[in-house]
Each structure stands twice: as C-alpha cells, then as structure tokens.
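**Q** Just passing along the structure, written as structure tokens.
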Amino acid sequence: MRVTSQTLTLSGLLLAGAGEQRRVALVAGDRRLSFAELAERVDARRADLALADRSVVTLVGDHSIEFVVTYLAVLEAGHVPLLAGAHGDRLSAVWPVGAVVDVTAERFDIERRDVGPVTLHPDLALLVSTSGSTGSPKLARLSHRNLVSNAESIVEYLRLNPADRGITSLPLHYCYGLSVLHSHLLAGASVVLTDTSVVDPCFRSALFDHGVTNLAGVPHTYEMLERSSPEELASSSLRLLTQAGGRLAPDAVTRWAERTAGWGADFVVMYGQTEATARMAYLPSDMAFRRPEAIGRPIPGGSFELRPVDGHPDDVGELVYRGPNVMMGYARHVDDLALGHTLDELATGDLARHHADDDVYEIVGRRSRFVKPFGLRIDLDEVEARVAEAAVGDTAVAGDDDRVVVFAPGSDVFEVAETVARITGLPARCCRVHDHPIPRTGSDKVDQAAMLAFDAETILAEAAPPAPTDGKHDSPVAAIFADVLGLADVDDTDSFVSLGGDSLSYVECSIRLEAALGQLPSDWHLRSVAELGATTAPPRRWARLDTTVALRAIGICMVVATHMRVWHIPGGAHTMLAVAGYNLARFMAPLPTAAERLRAGLRTAGRAAIPTMVWVAVGMVVFGSYSLGTLLLVNNYVGPASHRDDHWHFWFIEVFVHLVLLASVLSIVPLTRRLDRRFAYLMPLAVLGAALVFRMEWAYMGEWNNLRFRTHGVAWFFALGWLIQRSSTRWQRGLTTAVAAATVLGYFHTPSREWRGLVLLVVLVWVRELPLPRWTVRIVGTLAAASMWIYVSHFSIWPLYRMVFIREVAYVLTIMSGVVVWFVAERSLGFLNRWRQARSFRVALP
C-alpha cells in the first residue's frame, strides 16, 4: 500500500511502511523491532501518555527505540510533539506544554502540566524550533500533510525501498534527521538508531554490522569524516550518501561524488528549510560532477519561482518555493496554534539563478537577514534587536555563513560579544564586535558589505603577527581544553580527542564543561569546540555520570583502603586497568592518522610516567627508598621477588605505561588498524584471547603471586576493557559478560575479590552512565581526576597520619591530601606550560 497525501494519518504511514508486517523497522544494538511490533508498542505507549485533552508535548531523549515509539505515539494520539533539542526546557516554559516527556532506552519520565484549555488546529501535527539559536520562541507549524507529502517526495527521488537501511547520523529533533526517519518508515525500510558520532569506531561498526545503505550528513559531518579517514566508511552495503543543512563547497561536493562513485554509491546534495518540512530541492548524483555549485531541481510535487529583486541582474531573483510540504505558518504566540494554513508559498530569502541547460538552480546570495554559520539558522534582525538592549548606543549587525559581525560604537565589545554568543549559540570566535562607527551608504542605510569587509581586514591584521598567548580563549570550551590539556592554541574545529585528550584528563574536562554548559552529550569528547559551544542544556537535579569516572573513584578508594588496612577490599587497581583499556580505545581509535595516535599514546604514557618518576626520585634522594628499577618503571621485571618490598609500590603505573606504549605502537601498524576498523568487536576479542596465554603457568617468571603485578600477566584486563568499550549490541554485551566471568573468576584464587571485580566490570558492560544527584558528581569526579596522584602519593602520606590519627581518619586525610597534591601539581604544570609557551614566543621574535 502506498500512502497518499490525502491519507494524512500515522496509521496510514505505518501501513505503507510495513509492507510485510514482519519487516524490520528499527534497529538499536542487537534489538530489532518489526513494523507490527512497532505498531503494538505505539498503541501501548499511547496509554502511558494518559493525557485527557489534545496537548502540546515536549519530547527530549536519545536515539533509542523508546524515543521513536514515544514520538509516534504522541502523533498517533493526536497530540502535537514539540521538538527543540537543547532548547526544550526554555521553549516548554514559553509555550502551553501539556506534558514534558524525557525518554531514553532506560527510562520513560513524563511531567504532566496543567496549562488550561489550549486550542490546537485539527491539521497541526508537529512544532519544530526554527530560530532557537537566536533565543526566539518562534516555531514552525507543520501539518500531517506536510510530513507525509515531504516523506513521499524523498522516497521517490532517492528511490528508497524496503531493502534500504538508514542510520541516525543526525539528531531527530533536527528536521533533516527527522525526515530520514519518516522517509525510511514510509518506504518500508529500516533505521539504525545510534547516538555515536560519525567518527566514533562504534558508529562505523554499526554501519558495517547492520548493513547500512544510506548515510545523511550536514557539511560539518563531511568535514569531520574528511579529517578522519573517510575510506573507513566504504562498506559494501552503502549505496547512498546525502548532504543538506548548509552549503558544501563545490570542490568538496566533487571530491565526495568521486569518492562515493569509487565505492559504488551515489552522493546527492539537497536543499531545504524547516519551513518546507525539510526538503525543497535535490541534485541528482550524476549532476554533482557538472554542477557541484548547484542545489539542484525541485523535489517531486514542488516548484520554484525566481522573484525579481531590485539591484540584482535579471537572471537572479529570490527563490520562492510552492508545494504541499510548505508549513502551515509560524507560531509566535499561543493563539497561532489555532490557525490553519496561512501560507501557500515559501519565500526562502535566498537569491538564486536558474541554469536552464541542466534545469538546476544555484544559490548566489541571500536577500533575507538570515545566515547559517555551523548550520545554525541565525536571524540577524532578531540578533540586532537583542544586542541593542546590551549596547549603549546605535548598533548594526551583519553576517555570513562564517560569522556574525556587530558594530557597537561606544559599547563594551566584550560584553556585547558575550551577548551575541549567548543568544546565537555560536562560539565566541564567530561573534565579531567592533567599537567603530557604523558604515553607511549614500542613502544613509547601513552598509553591511562594508561591515563585513572591515571585519575581514581586522581578521587579517589580527592574524599577523600572532600575539603570545596568556592561556585565555574566547570560547569557554576552548579555554577549558587549553587549561586542562596544557595547550596554547585550541581551534573551533578541535575536539577533546583530536587534541590528545586521554583518560587522565577526561574527568576534569567533563566536570568543568558540565559546569559551564550544563548536561553534556555522551559523545562530547568527539565533538568540536564549536559544536560543544553551541550545545547547552540547563543543569538538572540529577546528573548522568560516565561509568568509567565512577569506577576510577571507587577503584582508588579501594586501593588506598586495602593498603592502609582500613578495609580489605582488593581489586581496585585491576578494575582501573580495565577502565584504562576502555578509555584508550575510546580516545585513541578515532584519531585519523598514525602520527596522531602515536603522539596521543606518548602523551598519555608521559602524563603517568613523568610525575611518578619525579616522586620516586625525590623519595630516593630524601628518604633513601625505592630503587633504580622503580625509577625507570621496570621494577616489575628487575626488582626483588618479594611483593612486600616498597619497590613494588608503583606496579600499576608501570603496567599502565607499558600497555599504553604497546597499544600505541600497534595502532600505527596499517594491518592492525584495518582489522580494528573492520572488526570493531572481534579484534579486541582476539587480542584478549592472545593476552590470556601470558597468564598461564609457563609465564609466571618466579612466584605465581607476582603474575598479578607484571605487565604480561595482567595485560588481559586492559584488553578486556577494550572489548567492553566495543560492546555496543545486546548480544555483544552478553558475550562480553560471559567472557569477563570466565576470565576473572578463579584468577586471584580469592572468590570475594574476583566477584567484586566482576560486578564492577559487568556494570561497565551494561551501564555506560550512572544517574547521581548533581551535588555528588563534583565529589566523585574530583576523586577520579585525582586518582593517579592519590595512588602515587598515598604510600608516603598515610604513615605520617597513622602516627596521629586512627585508621579511618587517617584514610580520609590521605585521600584529601592526594587531591591537594593533584590540584597543586596540575596547576603548577599548567603554569609552567604557559610560561614555556610564552617564553618560546618571545625568543622567536626577531
């Protein structure tokens, strides 16, 4: 059955998509939901909503089956979903929202509100934020006819069929990402649901494992892929890559068209706006080589008109679109929700030219005051009105797809820049403010071209010569990265991973970022500075803490308690070793080049080795303790056999450094890299199997007891952590749990220790984030961030406290002292690093 534009019901959409009801609709990890099961789940979820009257329902959550089921249930029940992403809380406070639903794979929370009677037009199906980036509460009102007709059109021109399988490479609250879901369901195709970034190995694993055929992206998506070995996407199942959400440079279009042609896939450029329910034009794949600068031709059912604009050539006009997918209109006030269709055409604000020979359109400029830096649609008129409130005199605002430029003579440029960054969601680097007279034309109009030209000249002047850094950055994200990672220059395109972030710096970065930005996305370590700066969410009473952070805090507390004999709870160090393997796989694998992976590994090893060696050297000189083997971090193999000797204090640091260096070397071997890319789960499983060989009797090298503290004897914990990180589906997690049980139980010959370690590892397998009261996150995070320094320092500190205090008090003071050592050491290293960078700059001056 093919749905028509007159069906206009979700049931019709599902029936059309179902074809054979057993066909798979949604895939999430190892879970598969057929169309029949999806319809059943939608019916059940309608009852969960329990809303007496037709209401606006704000939806927030992750890319899970539960989220999609809830979205469809809200539609099917006749309610109106409000999709706004990070702006959901703010918009819920402005609009008469009858319920706020927060739904993920693990939870379904609904907050029902009494907002009184609200009149909603019968045709109204969906509300989507269009200018949330400028702080405007304006919404696009979309009807069922809009949704169905646009999905129909996409199915037709992309030739989607039941054999296709898409993937959530874009947020579902974004009209482009949502259109992928709608069009695939309509075609009877399936969608893989994942929250991972396109450069995450788990994303590539999902793409290969589930036979994904279609991949959608915005310009930034393809920029990230370009920097991270795009050939890794070359799956034999991939047949179609699409791009929209902003202009992709013509040379990039050509490059991707040529690349995908080599894979046997098509590259299709598209053009759209939320006001047109996502799509208005597409460029056939064969035209990408001839007309890479074009947006293409109207989608089936739509048409374009070029409306003349004064001051422009005859062949250039404003692009006006007509079609059944044009929105009902904007909602600026609650009364607008009762309105019917107030538009029959959409003036896009873009200036275009028609190439009749190829029947394609090309965007050549903008008539309206909208720009789209980083894919964010910014209304310059709204920005100008908001900025005027923060300035002391006249202001003028101009912009393009790279920046917003403000002239505010006599005002505090820093304050105005902060205002612009806050209301646009743009990184501060893209908010250019000048205390300069506003340039005007002969008719006394603001000369926006002159404003942009002045700013361009200023940028060139600022670029040469560069000023020595003082460690400060305009973007709070960049400033945090620079401070924690000890870097002088952090660019908006950099990410935590690309900057060489590791498990030792991850915790501090995440805590400080959350304090600055609110709730962080789970893949924040892979997102660029600009993306993080534009992604803000208000803090909540409960926070979700990365499980690895909690396990590091638990592990170090177990280690110190056992060494001090406060409580005998061994196994914390081996748990932290598995966490180290988990994090190394998470932070090193996404780096695109062998050189970057090697540098990252050396930095991680150095951050643990150098402080430990300094601490040991001081101990050797001042107290006469430790040995040369301990200093060189090779005591595990050259030191005395007795584990009671203080030479074994730092076995964990030795093992950590050895394994990080070994993993770094393996990561630059082309064959290893290819196998890891292609077999994201099987590769660490094979490495774990090989590592287990070295814990057998032939490898004891003396007493069996010492095998637990030597690199070759515990390397399998590190490999197990790597395997856990790659366990993305339910069957993989189940198998990993079984492997963990088979390898951990019996290893220490102490059942309590083995079960304790196994429980912690199983938590890491199945729970990637832990819900905690927000006030506890700072405490747990601080312990985790300071864990290495607590480990290094506690051997020397706790005997001093035990001379004065009882064990329990001495234990707390030892932990606190380790935190102080960490704080002083990290701040001192940061100061020395900035001093060194500033000194290097001064020496380099002629």
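**Q** Which FRET efficiency value, to the nearest 0.05, is calculated for residue 22 and residue 159 with the Förster distance at 25 angstrom and r the Cβ-Cβ distance?
**A** According to the calculation, E is roughly 0.60.
**Q** OK, next. At residue 812 and residue 53, where each label point lies 7 Å from the Cα along Cα→Cβ, what is the point-to-point distance in nanometres?
**A** Once both label points are built, they end up 5.4 nm from each other.
**Q** Still on this structure: Taking 0.36 nm per residue of sequence separation and subtracting the Cα-Cα distance, how much length would be gained by fully extending the chain between residue 599 and residue 315, in nm to one decimal?
**A** Details: separation 284, 0.36 × 284 = 102.24 nm, distance 5.35 nm.
Taking residue 599 through residue 315 to full extension adds about 96.9 nm, to one decimal.
**Q** Follow-up. Between residue 779 and residue 32, what length in nm is gained on full extension when 0.36 nm per residue of separation is reduced by their alpha carbon distance? Please list the in-between numbers first.
**A** Working: separation 747, 0.36 × 747 = 268.92 nm, distance 3.91 nm.
Result for the pair: 265.0 nm of gain on full extension.
**Q** Same structure, new question: Would you kindly derive the ³J(HN,Hα) couplings of the range 21-36 from the backbone phi angles with the Karplus curve 6.51 cos²θ - 1.76 cosθ + 1.60 (θ = phi - 60°), listing them in order in whole Hz, with x for Gly and Pro?
**A** So the Karplus estimates, Gly and Pro as x, are 4, 7, 5, 6, 9, 10, 10, 9, x, 9, 8, 10, 10, 6, 5, 5 Hz.
**Q** In addition: Could you calculate the FRET efficiency of residue 252 with residue 745 from 1/(1 + (r/R0)^6), where r is the beta carbon distance between them and R0 is 60 Å, rounded to 0.05?
**A** 0.70
**Q** Enter the accessible area per residue of the chain (Å², integer; probe 1.4 Å; all protein chains in place).
**A** Value for the chain: 41 Å² per residue.
**Q** Could you state the principal axis extents of the C-alpha atoms in the range 23-99, from the largest down, to the nearest angstrom?
**A** 40, 27, 14
**Q** Let me ask something else. Kirkwood hydrodynamic radius, computed over distinct alpha-carbon pairs, for the range 289-354: how many Å, to one decimal?
**A** 13.9
**Q** Moving to a separate point now. For the chain, what is the relative contact order in percent, using Cα pairs closer than 8 Å and at least 6 residues apart in sequence?
**A** 9
**Q** Moving on to the next point. All other residues with a Cβ under 15 Å from the Cβ of residue 754 taken together, and with Lys, Arg as +1 and Asp, Glu as -1, what is their net charge? Intermediate results must be reported in sequence, preceding the final value.
**A** Details: positive: 695, 708, 753, 756; negative: none.
Summing Lys/Arg as +1 and Asp/Glu as -1 gives +4.
**Q** Still on this model: Leaving ligands and nucleic acids out of the surface, order 431, 557 by accessible area at 1.4 Å, largest first.
**A** Numbers: 431 10, 557 35 Å².
Ranking 431, 557 by accessible area, largest first, yields 557, 431.
**Q** I need the shape label for the range 186-265. Rule: rounded when a/c is under 1.5, else prolate if a/b > b/c, else oblate, with a, b, c from the alpha carbon gyration tensor.
**A** Values: a/c = 1.43, a/b = 1.36, b/c = 1.05.
Verdict is rounded for the range 186-265.
**Q** I've got another one for you. Could you check the spin-label model distance between residue 694 and residue 338? Points 7 Å from the Cα along Cα→Cβ, value in nm.
**A** 7.4
**Q** Ignoring everything except DSSP H segments at least 4 long, calculate the 222 nm mean residue ellipticity for the chain; use -39,500 (n - 2.57) per segment, divide by total residues, nearest 500.
**A** So the calculated ellipticity at 222 nm is -15000 deg cm²/dmol.
**Q** Apply the Kirkwood formula to the range 550-613: the hydrodynamic radius equals the inverse of the mean of 1/r over all pairs of different alpha-carbon atoms; give it in Å with one decimal.
**A** 13.4
**Q** If a/c stays under 1.5 just call it rounded; otherwise compare a/b with b/c (prolate if a/b is bigger, oblate if not). Do that for the chain, with a ≥ b ≥ c from the square roots of the Cα gyration tensor eigenvalues.
**A** On the way: a/c = 1.95, a/b = 1.53, b/c = 1.27.
Prolate.
**Q** Among 808, 769, what's the order by accessible area (1.4 angstrom probe), most exposed first?
**A** Highest to lowest solvent-accessible surface, that is 808, 769.
**Q** Of all the accessible heavy-atom surface of the chain, with the other protein chains kept in place and a 1.4 Å probe, what percent is carbon and sulfur? All intermediate terms of the calculation are to be shown ahead of the outcome.
**A** Numbers: 20160 of 34300 Å².
Taking all protein chains in place, the chain shows 59 percent carbon and sulfur surface.
**Q** While we're here: Residue 266's amide H: which non-local residues (gap 5+, or another chain) put their own amide H closer than 5 Å, with H modeled 1.01 Å from N in plane and none for Pro or chain starts?
**A** 240, 241
**Q** For a paramagnetic label modelled at 7 Å from the Cα of residue 493 toward its Cβ, which residues of the range 408-426 fall within the zone defined by backbone nitrogen distances under 20 Å?
**A** Only 426 pass the distance filter.
**Q** Residues of the range 713-728 with the amide nitrogen closer than 20 Å to a label point 7 Å from the Cα of residue 627, along Cα-to-Cβ, please.
**A** 713-714
**Q** Quote to one decimal, in nm, the extra length available between residue 823 and residue 43 on full extension: 0.36 nm per residue of separation minus the C-alpha distance between them.
**A** 275.4 nm
**Q** Could I ask something else about it? Calculate, for residue 453 and residue 638, the FRET efficiency according to 1/(1 + (r/R0)^6) with r their C-beta to C-beta distance and R0 60 Å; round to the nearest 0.05.
**A** The calculated FRET efficiency here is 0.35.
**Q** Let me ask something else. Within the set of other residues whose C-beta is less than 10 Å from the C-beta of residue 411, count the net charge using Lys and Arg as +1 and Asp and Glu as -1.
**A** Around residue 411, the surrounding residues sum to -4.
**Q** Sticking with this one: Under a plain spin-label model, where a point goes 7 Å from the Cα along Cα-to-Cβ, how far apart in nm are residue 358 and residue 418?
**A** 4.8
**Q** So, one more: List every residue whose amide H lies under 5 Å from the amide H of residue 34, counting only residues 5 or more places away in sequence or on a different chain, with H placed 1.01 Å from N in the peptide plane.
**A** Here the answer is 25, since their amide H atoms fall under 5 Å of that of residue 34.
The values are calculated or read from the model by the stated rules, or taken from the named source; none is laboratory data. Not measured: the values here are computed from a predicted model. Ideal geometry is used to build each Cβ from the backbone, glycine not excepted, and the neighbour counts take in all protein chains shown. For the accessible areas, the whole protein counts, side chains as well, though only heavy atoms, and no ligand, DNA or RNA atoms are used. Shrake-Rupley method; radii C 1.70, N 1.55, O 1.52, S 1.80 Å.
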